[in-house]
Structure formats: structure tokens, C-alpha cells
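Read the figures in this text as sums done on the coordinates, not as results from a lab. Just so we're clear, the structure is a prediction, and the values are computed from it rather than from any experiment. Cβ atoms come from the backbone with ideal geometry, glycine included; neighbour counts cover every protein chain shown.
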Amino acid sequence: MTDAPSRIAPSRIASSRTETARTETDDQIVERLTGLAKALSDPTRLRMLRMMAAGRPCCADATCAPTVPADDATKGICVCEFQYVFGLGQSRVSYHLKVLKETGLVDEETRGKWTFYSLNERAARELGRSLEAYLRG
């Protein structure tokens, strides 16, 4: 098994263990959930997800450059805001976002030269259902 988090395949996550068993073996389910748990085990990544889940627009606190194409009507948070909030460098923030994107929990949208990140709410709900179904057996 690799240390890289497993990507959530929304079409493969079922609402019950019976449905899941038809598409994945028990070992595959455990490996996928373990990969997700590894991605969520980092406090910074968990806090990043919480910021994205809040659904607020980027630069709500005017922390980014005035050239960032963000307003109240659009969702997503840019790297510069994560840098400001967590006191991390751009490469560290990008690494955390890459790990979260690989799980499928985070969506990315490019606007001009800026990239914005938001929670994939469908994948987050499906993760919860998948975990619950697996634990209930």
C-alpha cells in the first residue's frame, strides 16, 4: 500500500455496504478509507477543509493582493489566503492542497493566473456515508 491518499471515486461510493461490496472488495474499501484518513490526519489540512466548508469567498479579510479576482459572488480560496492564515510558505500550502485534491475532497478552479480551492461537498457527503456503511457492516 502506498502512502498517497486514495482518491474518492464518487461514482463508486455507495450508500450501503451491500452496494459497495459489488464494486469494491473489503481490502479496497479499507485501503481507500485509510488513504482518506491519512489525508485528514494533518491538522492544517483539516483546518483548510473547514475554511473551504464555510463557503466564504477568498480574501474575505482583505489578506490578499488587490489584484486577486475574488468577490462575494464567487467561492473558493486562493493559496495566498491560506498562506496568511496558517503562516506557511506557498510550497507548503500547495503541498497540502495537492494531498486534499488527490482525495477528491477539494475542487480547483483557475481564474486568470489565480487558482481557487473549494470543498467538493458531494465527495465529503459520500465519504461520510461510505465510512458509516463500512463501519455498520
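Summary of computed values
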{"quantity": "Under 5 Å, built H, 5+ apart or other chain: amide partners of ASN120", "calculated": "VAL106, ASP107"}
{"quantity": "Residue exposure sequence - TYR134, TYR95 - by fewest surrounding Cβ within 10 Å", "calculated": "TYR95, TYR134"}
{"quantity": "Estimated vicinal HN-Hα couplings, Hz - region 79-91 in sequence order (Karplus 6.51, -1.76, 1.60; Gly, Pro = x)", "calculated": "4, 4, 6, 4, 4, 5, 5, 9, x, 10, x, 4, 5"}
{"quantity": "Anchor LYS38: lysines whose Cα lies under 29 Å away (excluding residues fewer than 8 positions away in-chain)", "calculated": "LYS75, LYS98, LYS101"}
